[in-house]
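**Student:** Dropping a structure here in structure tokens format, bear with me for questions.
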Amino acid sequence: MISIIIGLALLMFFAYLGWSIIWVAPIVAGIVALMSGLDLMDAYTNTYMTGFVNFAKAWFPIFLLGAVLGKLMEDTGAAKSVAIQFTKFIGEKRAILGVLVASAVLTYGGVSLFVVVFAIYPIALALFKKADISRRLIAPTIVLGAFTFTMTAVPGTPQIQNLIPMNTFKTTPMAGTIIGIVATLIMAVGGYFWLKFRENRLTAAGEKYTEPNKSKENEDENEENLPNWILSLVPLIVVVILLNFLKIAPIPSLLAGILAILLINIKQYKTFIPSMNEGAKGSVMAIINTSAAVGFGAVVTSVPDFDRITDMLLGISSNPLVSESLVVQLLAMITGSASGGMGIALEALGGTYYDLSQSTGMSPEAFHRMASIASGASILPHNGALLTLLAVTQLSHKETYKDVFVVALIIPTIAVIVGIIMASMGII
């Protein structure tokens, strides 16, 4: 157990320094293996790589298609067109709400989190500058809009954190609809009010907008060159409708979204191949980063004392949803990846929880939704998506993590607790 704690501390420390998890994870996994008395080479070549490869094998197509769709949305201008229009609807003075809604719309449409960061950041800069709001709030605003409720709670979201539990619990993306809606409201409304509170506090203290070190991203977008925002929404709507209402599998749904954006922007056909190539490259980095985290988690779960930990968690409550949520949340924290942590948890204990759902009469949909929500309530400083966001926004943990901690860990954890209570009452 000490080796697991030390391993997690080292992983967080090196990630905080900006070291890549791709090579840090196997090294730290090796340290955990040695301290736990495991054979080092077997822990790496067998345990670590098996966890790495199994996750990549199962989920690479989703990562690939999501990244390609997102890159096409970015390069055709469709993502910015949608984001700018939604911020206009809301108003420039409501910069936080505008960035929040624009991020949420893109994420719910299937655009990958990393692409949303790049698409939204220039818009966020312009809006925060006009509203004269401290730039440190840009990161937690994007985190709230893209990394929380639209990733895990909104019923039907095509993000991978909502798709992974489907195989285990034999459910659909709409599983646990009522729980998902309530959790969404808790995270979205609670997070927004926290950010508005922080905006007022910072403004009262005299902290206002400051230019980033690089001002290139702050150039105004030439809206005349952007595609029609309504047409730009079509590929996102196609994905959501096929996935949730026509019950089409995720891969053909994402393919249909890609086809839609290609047809709508056919005049830009010369840019399609470079965009798709770049999307494919980005998906490789994303899946490798997540798989590296999963490999680390696989070594952790192979440590002899891990069985004692899981037994303790399984016995922590007579309600299996409590232990499931704790296991998923802890492993997502350990790996620095919502999808990676949930993948490990369900691979190790998913069958147990499905059997419990059958024997206790609790709906598998409740287990699906709680696993998804709990996976997102896990953003620690070494989280891979957070590190990417901070690099893009040129902000530091010291400037932003306090607010990220509230909107992406504290409030989502409250949503987890409420969701468990609702499921226990039969409200699903």
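The values are calculated or read from the model by the stated rules, or taken from the named source; none is laboratory data. Bear in mind that the values here come from a model prediction, so they are computed numbers and not experimental data. We place every Cβ from the backbone using ideal geometry, glycine too, and count neighbours over all the protein chains shown. In case anyone asks, the SASA skips ligands and DNA or RNA and just uses the protein heavy atoms, side chains included. Shrake-Rupley method; radii C 1.70, N 1.55, O 1.52, S 1.80 Å.
**Student:** Taking the stretch 322-343 as the region of interest, how many residues are at pLDDT below 85, touching a Ser or Thr at 6+ places or on another chain (Cβ under 6 Å) and open to solvent by 10 Å² or more (accessible area, probe 1.4 Å)?
**Tutor:** So the count comes out to 1.
**Student:** Of all the residues that make up the stretch 6-45, how many are farther than 25 Å from Leu390 by Cβ and exposed (fewer than 14 other Cβ atoms within 10 Å of the Cβ)?
**Tutor:** Matching residues across the stretch 6-45 total 7.
**Student:** Within the stretch 392-402, how many residues turn out to be surrounded by fewer than 21 Cβ atoms within 10 Å (Cβ to Cβ) and in contact (Cβ under 8 Å) with a residue 24 or more places away in the chain?
**Tutor:** Residues in the stretch 392-402 being surrounded by fewer than 21 Cβ atoms within 10 Å (Cβ to Cβ) and in contact (Cβ under 8 Å) with a residue 24 or more places away in the chain: 5 in total.
Residues checked against (1) in contact (Cβ under 8 Å) with a residue 60 or more places away in the chain; (2) closer than 27 Å to Met1 by Cα:
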{"residue": "Ala298", "(1), (2)": "yes, yes"}
{"residue": "Val303", "(1), (2)": "yes, yes"}
{"residue": "Ala345", "(1), (2)": "no, yes"}
{"residue": "Ala366", "(1), (2)": "yes, no"}
{"residue": "Gly384", "(1), (2)": "yes, yes"}
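**Student:** While we're here: Against the conditions (1) touching a helix residue (DSSP H, G or I) at 6+ places or on another chain (Cβ under 7 Å); (2) within 30 Å of Gln358 (Cβ to Cβ); (3) not hydroxyl-bearing (Ser, Thr, Tyr), where does Ile181 fall short? Just the number, please.
**Tutor:** So Ile181 meets the others, but not (1).
Here's the yes/no breakdown for (1) open to solvent by 10 Å² or more (accessible area, probe 1.4 Å); (2) within 30 Å of Ala249 (Cβ to Cβ); (3) in a helix (DSSP H, G or I):
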residue	(1), (2), (3)
Ala83	no, yes, yes
Ser103	no, yes, yes
Phe114	yes, yes, yes
Val117	no, yes, yes
Ile120	no, yes, yes
Ala126	yes, no, yes
Gly145	no, yes, yes
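**Student:** Would you mind finding the one in Ala292, Ala280 that is surrounded by fewer than 24 Cβ atoms within 10 Å (Cβ to Cβ), in a helix (DSSP H, G or I) and within 22 Å of the chain's Cα centre (by Cα)?
**Tutor:** Of the residues listed, the single one that is surrounded by fewer than 24 Cβ atoms within 10 Å (Cβ to Cβ), in a helix (DSSP H, G or I) and within 22 Å of the chain's Cα centre (by Cα) is Ala280.
**Student:** Let me ask you something else. Just need a number here: residues in the stretch 175-193 that are open to solvent by less than 70 Å² (accessible area, probe 1.4 Å), out of contact with any Asp or Glu (no Cβ under 9 Å at 6 or more places or on another chain) and closer than 11 Å to Met422 by Cα.
**Tutor:** Residues that pass the stated criteria total 3.
**Student:** Pairs only if they're at least six apart or on different chains, beta carbon under 6 angstrom, first in the stretch 48-60 and surrounded by 15 or more Cβ atoms within 10 Å (Cβ to Cβ), second of a type in the set (Val, Ile, Thr) and part of a helix (DSSP H, G or I); list them, first residue then second.
**Tutor:** Tyr48/Val299; Gly51/Val294; Phe55/Val294; Ala56/Ile287; Phe60/Ile287
**Student:** Can you find a residue that is open to solvent by less than 10 Å² (accessible area, probe 1.4 Å), under 27 Å from Val143 (Cα atoms) and part of a helix (DSSP H, G or I) anywhere in the stretch 309-321?
**Tutor:** yes
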